[in-house]
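Taking it in order: structure first as structure tokens, then the write-up.
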Amino acid sequence: RRLWRWAVSPLVSRFVANSQFPAAALAATGVDSAKIRVIPNAAPTRSEEAVRAVDRDPHLVVYVGQIIPPKGVRELLDAVALLRSRGRDIRLDIVGDIDGWEPMGWVGYRAGIRARATEPDLAGHVRFLGLREDVPAILAGAGVHCCPSQPAQREAFGLVNLEAKLAGTPSVVTPFGAVRELIEHGVDGWIAEDGSPAALAL
């Protein structure tokens, strides 16, 4: 707080935040709120033809993002398993780098995610699609998009939620960071009570 208030702020005439969440975090350090402006991110412009040509699968959940612990991928897998245990015919597609370098401290996390997906309650119902360029079409083909970010992620925006909206796909999100600013509960998605598998599956 002292660094931002007394070292950084005096040298900066304007802070631009991409949502209310980082703006509030800046203000909490003591930065003058008059120096803070919010300019929300915008989804990238992509071809709409690919989206319109996709058949939607109402039983498919899709995740798009980094495969790291704060993003909540393990919690999402457990949520899908919970739904399947209730008799729901749910499948999950995961878009993101599953094979690349892992940061120190998280080494082995992706192997654990792969192993979890092969357990009896999920086996054959989870696909790892890797890095993809056709994200709009993937989102358009799903019944639901999920952004299960955990508190440690401190999401400053969550651009994929806007991309899901453009694809006409509702999002299930956690109530942390700026993600809840992008979803109107019960209108274009659902905001879970917390980041647990039980809350995501509700």
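Scanning the stretch 65-99 for residues that are under 16 Å from D134 (Cα atoms) and open to solvent by less than 30 Å² (accessible area, probe 1.4 Å) returns G65, D93, I94, V95, G96. For the stretch 91-113, a tally of residues being over 19 Å from the mean Cα position of the chain (by Cα) and within 30 Å of L166 (Cβ to Cβ) returns 2. Among the residues of the stretch 100-114, just one is β-branched (V, I, T) and either at positive phi or surrounded by 19 or more Cβ atoms within 10 Å (Cβ to Cβ) (or both), namely I113.
A quick yes/no check of all residues on (1) in contact with a Leu (Cβ under 9 Å, 6 or more places away or on another chain); (2) without any contact (Cβ under 8 Å) to a residue 12 or more places away in the chain; (3) not polar (S, T, N, Q):
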site	(1), (2), (3)
A123	no, yes, yes
L139	yes, no, yes
Q153	no, no, no
G158	yes, no, yes
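Looking across the stretch 1-18, just one residue is in a helix (DSSP H, G or I), surrounded by 10 or more Cβ atoms within 10 Å (Cβ to Cβ) and of a type in the set (A, V, I, L, M), and that is V8. Which condition from (1) touching a strand residue (DSSP E or B) at 6+ places or on another chain (Cβ under 6 Å); (2) surrounded by fewer than 17 Cβ atoms within 10 Å (Cβ to Cβ) is the one that A117 breaks? Failing condition for A117: (2).
If the requirement is being modelled with pLDDT of 95 or more and touching an Asp or Glu at 6+ places or on another chain (Cβ under 8 Å), which of these qualifies: G112, G177, G143?
Result: G143 is the single residue among G112, G177, G143 that is modelled with pLDDT of 95 or more and touching an Asp or Glu at 6+ places or on another chain (Cβ under 8 Å).
Among the residues of the stretch 166-197, what is the count of those that are within 16 Å of P151 (Cα to Cα) and outside any loop (DSSP other than H, G, I, E, B)?
Selection size over the stretch 166-197: 7.
Residue by residue, here is whether (1) under 22 Å from D97 (Cβ atoms); (2) buried (at least 17 other Cβ atoms within 10 Å of the Cβ); (3) of a type in the set (S, T, Y) holds:
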residue: V126; (1), (2), (3): yes, yes, no
residue: L139; (1), (2), (3): yes, yes, no
residue: R154; (1), (2), (3): yes, no, no
residue: I191; (1), (2), (3): no, yes, no
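Would the stretch 25-41 turn up any residue that is closer than 21 Å to L139 by Cα and surrounded by fewer than 15 Cβ atoms within 10 Å (Cβ to Cβ)? So far as the stretch 25-41 goes, yes, one or more of its residues are closer than 21 Å to L139 by Cα and surrounded by fewer than 15 Cβ atoms within 10 Å (Cβ to Cβ).
Can we say R180 is surrounded by fewer than 17 Cβ atoms within 10 Å (Cβ to Cβ) and closer than 18 Å to G72 by Cβ? In short, no. Restricting the search to the stretch 166-190, which residues are in contact (Cβ under 8 Å) with a residue 12 or more places away in the chain, within 17 Å of S19 (Cα to Cα) and in contact with a strand residue (DSSP E or B) (Cβ under 8 Å, 6 or more places away or on another chain)? Answer for the stretch 166-190, where residues must be in contact (Cβ under 8 Å) with a residue 12 or more places away in the chain, within 17 Å of S19 (Cα to Cα) and in contact with a strand residue (DSSP E or B) (Cβ under 8 Å, 6 or more places away or on another chain): V173, T174, P175, V179, L182, I183. Within the stretch 156-168, restricting attention to residues that are open to solvent by 10 Å² or more (accessible area, probe 1.4 Å) and of a type outside the set (A, V, I, L, M), the residue that is nearest to the chain's Cα centre (by Cα) is G158.
The values are calculated or read from the model by the stated rules, or taken from the named source; none is laboratory data. Please read all numbers here as calculations on a predicted model, not as lab measurements. Every residue, glycine as well, gets a Cβ built from its backbone with ideal geometry; the counts of neighbours run over all protein chains shown. What goes into the accessible areas is simple: the full protein's heavy atoms, side chains included, and nothing from ligands, DNA or RNA. Shrake-Rupley method; radii C 1.70, N 1.55, O 1.52, S 1.80 Å.
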